[in-house]
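Working notes, structure below.
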Amino acid sequence: MQFHPGAKPEFVRHVESRLAQLRAELPTVLPPPPAAITLEIGCGHGHFLTRYAAVHPERFCLGIDILNDRLERATKKRDRADLKNLHFHKAEAVELLECLPNGISFAEVFLLFPDPWPKKRHHKNRLVRPDFLTTLAEHMAPAGRFYFRTDHAEYFAAGREVLEQHPCWRIAPDAPWPLEEATVFQLKAPAYQSLVAVMHERICPCLC
Ligand SMILES: C[S@@+](CC[C@H](N)C(=O)[O-])C[C@H]1O[C@@H](n2cnc3c(N)ncnc32)[C@H](O)[C@@H]1O
């Protein structure tokens, strides 16, 4: 993790202790390597991934979010459904990738209705951005798929452009959406758009 040169020491210590905890926890909750797992980033209340894990008992599904109350509700759903192939964990997406145990990769990654960060000065916080997609590609299984859905038209257009220009990814216009299960934010959205991208090169040739 690279810190801003002006970052306060207590902030650096706090983040480093969170990363150390995540590094210790992940091997205890993920299947042993080599495992190609299904990841949902920003899983919220877990509606989508709980249904997905029930439909695909052969896949191990990991849902991450940064909000405790959403993860608690998601975990209750998982327990009610008695799904052994599903785990919800508190983690920020960039930090998860940094702490992922060796040999673990993702066959599929879902990003459903992510925070759109509509103001231009906040676009750097969006997850569909070149450097995040490069790091994500490094952790994908061959031909791993990235599923992106949002109701924010400008984020969708910008995200599509980033993926079109990214050397590690190819948009697959004919690839089907694997499962329709409305999330909390999908139910509130008057309209939304989706795309599927396939990992093309794990190591970015431009080293962006
Ligand atoms: C707009 S909500 C969508 C939740 C859910 N996907 C849905 O469709 O109902 C975005 C979710 O992403 C989580 N989130 C935001 N930034 C994140 C990050 N960097 N890493 C992991 N989760 C994040 C938020 O806490 C929130 O639960």
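Some points to look at:
- Only the Cβ atoms of Lys and Arg (+1) and of Asp and Glu (-1) were treated as charged; on that basis the dipole of the chain about its Cα centre amounts to roughly 360 debye.
- Antiparallel %, DSSP beta bridges [both residues in the chain], to 5: 30 percent
- Prolate/oblate/rounded label for the stretch 68-151 (Cα gyration tensor, a/c 1.5): oblate
- In straight-distance terms, cross-link reach from LYS76 covers every one of the lysines whose alpha-carbon lies under 16 Å from its own, apart from those fewer than eight places away in the same chain; here that gives LYS84, LYS90.
- Within the chain, helix-based [θ] at 222 nm, where runs of 4 or more DSSP H residues each add -39,500 (n - 2.57), nearest 500: -11500 deg cm²/dmol
- Positive minus negative residues near GLN193 (Lys, Arg vs Asp, Glu; Cβ under 12 Å): 0
- Quotient of the Cα radius of gyration of the chain and 2.2 N^0.38 Å, N being its number of residues: 1.00.
- Against the rule of thumb 2.2 N^0.38 Å, how large the Cα Rg of the stretch 87-208 comes out: 1.04
- Euclidean distance between Cα centres, the stretch 166-196 to the stretch 2-29, Å: 32 Å
- Segment ALA182-ARG13, extension gain: residue separation times 0.36 nm, minus the distance between their alpha carbons: 57.0 nm
Read-outs throughout are calculated quantities, based only on the coordinates presented, and are distinct from any laboratory measurement. This one's a predicted model, so the numbers in the text were calculated from it and none came from an experiment. Using ideal geometry, Cβ is built from the backbone for each residue, glycine included, and neighbour counts are taken over all protein chains shown.
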